[in-house]
Amino acid sequence: MFKKRKNTGIGNKIENSITKTKNTPITLEGLRKSIEKMDDAKIIEHQTQNSKLFVLIYVEPLIDQARVNEAVIEPLRRCTKEKISDCISVSEIIDISTLKEAEKQLMRGGVLLFDTIENQLHAVDLKNTTGRAIETSETETILYGAKDSFTENIEQNITMIRRRIPLTSLKSEKFMVGSQTETKIILMYIEGLTNPDFISIAREKIENIDYDQILDSSQLAAFMEDHTHSMFPQFQQTDRPDVCAFALGAGKVTILVDNTPFVLNAPISFFHLFQSPEDYINRWIVASFLRVLRYLSFMLSLLMVPIYVALTTHHYQMIPLQILYVLVDTRSRLPLTPFWESLLMLLTLEVIKEASLRMPTKSGQMLGVIGGIVVGQASVEAGFASQVLIVIVGISAIASFLVPNYLITKANTLIQFIILILASFLGIMGIFMGIILLFVHLNALTSLRQPYLAPVAPFYGKDWLDLFIRGPLRWMKTRPEALHPLQKWRYSRRR
Amino acid sequence: MSGFSIFDKTSSLHSIYVTLMVNRIQMLYFVIILPVFLIYPYMIWVIILVGFLSQMSIFLLSKWFNSIYASKGYEGFAELLGERSVRVLAFIGLGLILLKITVITLGYVEITQHFIFPSLNTNWMILFILLICWYVGSLGMAPTIRFVVIAFLSTAWMVLLLVNFLFQPSNTIHDLFPLVPFDWTIESWKGVLFIFSALSGPEYLVLLAPWFNTRKKILKYMTIGNAFTIFEYLFLFIASLFFFGPHYLKEIRFPMMEVMRYMESPVFERIDMILISFYLINFVFAISIFILLFYGASRITLKKSKEQTTKSGFAFCCSIVFICLFINNELFWKEATNQNILLELEIWAGALTYILIPLFLFTSLKRKGRV
């Protein structure tokens, strides 16, 4: 009854006819037909000095016009040789035999050169490489350390990584993904160091993507993730080349996507999301302190408001007497229960946070300040929220920003709401149930089929030196065991 | 995820997990009520002696782990004992596992009611705990075993909180006297049985052998777990003796929790409520493991061990466990005053399984000439 029917519709017939056409031998007419109704596509006819006609076909915005004049048109005009392809001063000329191939070259910034005498089509790669200059990372800002960040140009991004790891064993495999976008994907890894399983899993996952558009690395990550329905990112997205180089050196794989400044590193664990590039720049004691602070802040941002709700709803006996006086005083005039009071304040905060992100930079900052202070103050005066809650919500909001990974900050908000609901029903017990569910969920997650809670569960004792604290680099003699690298030692000479 | 199986053996876990599992399974409900059954200071020696007895069981269990049958799981048991016998044993095991789940869950729920929610209908708490365990178990056996690390890290440190009670100015060495028993009553024998039953649990690990690197110094890792438990038992018992004294200890239902009630913090009063909630992590881990074993045993009993596991089947098992817990709670646990029949049964059942299962497996291996 539900058998899949073979599609014999009109769409299929057209597709078949297109395929047939595209594999047929190439003609100028066929090319003209391909680019009809494309105003940005140009067909230019010129003659060489010995009166041979040649036709240039290209899409104007995709090519470097100055280079076309300099490397193709002018040399051809002056050309006196028999074969016109001999006159062009570019490193590579590709011979094209089918229409499909010609279209592909055309849309990737190639200039098609039709030799009317020999009836042969050539393609010359003269793509327009202009793009954004290398700038400082805005998402992962650090005070000290490298300031460059990836751009939308994949070649430039590869260069930035290769400059940091000048090894021939740093391999890069190319894939084209997306039936419509034909997005270039590069899988990078250090051969002989990275576990071959990770490479083959990543390769398999990229090859299995069957989708029309891949416009961003996060979109690619969505197709490569082991767990689609989790709130937690299973790939580390970074726009910092030093982070990528560090990840590659540790034994991870890096995936670059064309037209995206964000690169994916995998496999990652939950704890990687709390590591900042600055950890390895600061003194180890300071870096360790900051890292512990980040974990604490994460827990604070998750639990402070639910604890307030749990205590004020179910467990007044847990609050010390001096604090209880303050709490009773502030809550006595409020019409809402602690749960509704907290929920409304958290939702308001989220609205302000989201609005300030979407506004232009200066307006956004102003909105954040005004929204935070005015709304907070007004809601206290209006009797909708207690001062204690405003303080708690404020602290938990600030604490949530300490986590270097923005994606986890967003997940954090949702988890906070879930724990809040549990706290309102089951008090402190509900909070712990929420935490257990969170741990259980994280424990079952995987990134490139590697456990997400490694090196805690499964347990890798040596990796703890760079987990909750950042131990001295001298002591980190081995690469993370959880990544199963083929080269265990970081030192080239064993000590 | 079509190929997902609850009992997938995708990874071979390090033997350190055995250490953690032995320890955490021995630190469940009984440890909370342990001092009530021991009372007298000379029971310190009994804890140590029974600890050695427990070590004997662990030694026998390690023989099983090192045998060729262990890593084969169900097939290994079937090869050694025959399929029919395995099915009969699985059927008996169903009852024993259910009894264990019942006692530890109802015991913990009773504690939460006593200390955190006096007016709460405990059936709700049972439901919530089982829902969490269902979620844990449904993710598979391997992640559930891995969860022991979190359970251990979240709860093992609690013992350290009691260090303070050992060095109170009011404590004297006389609180630990008499260290030699003047009379040995039936209650003292019951204490011995209780400790042995409290230490039971590792015998169920034989069912999890396929998930471990079984041949790598398993005895050493199990011994560490057992030794750590004995140390914890001793420490907790001595702390409660110092704090309450043997005469007052008799009167208290949950001495360990009562001790924690006296802890102070500038931020929270009643730290015991937080600690009890923390301890839920350990219970969730243990109950999830036992429910998974219950599911496995029912599949063997129903001759379905070769079929693919299903999440609905597991959910059905969880529902059965919930119904049993609900009935036991209403009929036996809530009604129990001085004599809790389920607790008495578990004391006997735990002690018997801990001595009989290792012995039975060892003799079976001997008979086959594989030791």
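The values are calculated or read from the model by the stated rules, or taken from the named source; none is laboratory data. All figures in this text were calculated on a predicted structure; none of them were measured in a lab. Cβ placement follows ideal geometry from the backbone for every residue including glycine, while neighbour counts extend to all protein chains displayed. Note: areas computed on protein heavy atoms with side chains; ligands, DNA, RNA excluded. Shrake-Rupley method; radii C 1.70, N 1.55, O 1.52, S 1.80 Å.
When only Cα pairs below 8 angstrom with a gap of at least 6 residues are kept, the stretch A:204-325 shows a relative contact order of 18 percent.
For the protein assembly as shown, the square roots a ≥ b ≥ c of the C-alpha gyration tensor eigenvalues yield an a/c of 1.5 or more together with a/b exceeding b/c, which makes the shape prolate.
Keeping all protein chains in position, work out how much accessible area residue A:46 exposes to a 1.4 Å probe, and write it in Å² to the nearest 10. Spelled out: residue A:46, probe radius 1.4 Å, area about 30 Å². Axis angle, to the nearest 10 degrees, between helix A:154-164 and the longest C-alpha principal axis of chain A: 70 degrees. Between the residues A:305, A:98, B:71, the greatest Cα displacement towards the positive end of the dipole of the protein assembly as shown, with unit charges on the Cβ of Lys, Arg, Asp and Glu, is found for B:71. Extension gain, residue A:81-residue A:317: 0.36 nm per intervening residue step, less the Cα-Cα distance, totals 75.3 nm. Cα-Cα pairs above 16 Å in the stretch B:288-338: how many percent? Value for the stretch B:288-338: 49 percent of Cα pairs lie more than 16 Å apart.
Could you compute the net charge surrounding residue A:214? Neighbours are other residues with a C-beta less than 12 Å from the C-beta of residue A:214; K and R count +1, D and E count -1.
-4
Note on exposure: A:350, A:182 ranked by accessible area (1.4 Å probe, complete protein assembly) read A:182, A:350, with the most exposed listed first. Counting charges near residue A:342 (Lys, Arg +1; Asp, Glu -1) among other residues having Cβ under 15 Å from its Cβ returns a value of -1. Using a ≥ b ≥ c from the Cα gyration tensor of the stretch B:18-159 (square roots of the eigenvalues), is it rounded, prolate or oblate, where a/c under 1.5 gives rounded and otherwise the larger of a/b and b/c decides, a/b for prolate? In terms of gyration-tensor shape, oblate. Take each residue in A:431-442, count the other chain C-beta atoms within 10 Å of its C-beta, and the mean is 6. Computed on protein heavy atoms with a 1.4 Å probe, the accessible areas place B:235, A:298, A:439 in the order A:439, B:235, A:298, largest first.
For the stretch A:103-172, chymotrypsin sites (Phe, Trp or Tyr not before Pro) meeting the loop criterion (DSSP other than H, G, I, E, B) and having at most 11 other Cβ atoms within 10 Å: A:144. Based on Cα contacts under 8 Å between residues 6+ apart, the stretch A:22-125 shows a relative contact order of 32 percent.
Here residue B:48 and residue A:215 are evaluated by their C-beta separation; at R0 = 60 Å the FRET efficiency comes out at 0.35.
Free of any GluC sites (Glu not before Pro) that DSSP assigns to a loop and that have at most 12 other C-beta atoms within 10 Å, the longest stretch within chain B is B:1-250. Surface calculation, 1.4 Å probe, protein heavy atoms: residue A:97 sits at approximately 70 Å² accessible. Counting only lysines at least 8 places from residue A:410 when in the same chain, those with an alpha carbon closer than 24 Å to its own are A:353, A:362. Computed over protein heavy atoms with a 1.4 angstrom probe, the accessible surface ordering of B:30, B:52, largest first, is B:52, B:30. Rg and Dmax, both from the Cα atoms of chain A and both in Å, are 29.5, 101.
The trypsin sites (Lys or Arg not before Pro) of the stretch B:275-323 meeting both criteria, a DSSP state outside H, G, I, E and B (loop) and at most 11 other C-beta atoms within 10 angstrom of the site's C-beta, are B:303, B:306.
With the whole protein complex present, residue B:160 retains an accessible surface near 120 Å², based on a 1.4 Å probe.
By the Cβ-Cβ criterion of under 4.7 Å, the unpaired cysteines of chain A are A:244. Across the stretch A:154-268, Cα pairs under 8 Å and at least six residues apart give a relative contact order of 32 percent. Specify the angular offset, from 0 to 90 degrees and rounded to the nearest 10, of the alpha carbon long axis of helix B:141-155 from the longest principal axis of the alpha carbons in chain B. Rounded to the nearest ten degrees, it is 10. Put the Cα centre of the stretch A:150-189 next to the Cα centre of the stretch B:150-221 and the gap is 57 Å. In chain A, the longest principal axis of the Cα atoms and the axis of helix A:338-358 are about 30 degrees apart. Each part gets one Cα centre, and for the stretch B:67-103 versus the stretch A:78-100 those centres are 76 Å apart.
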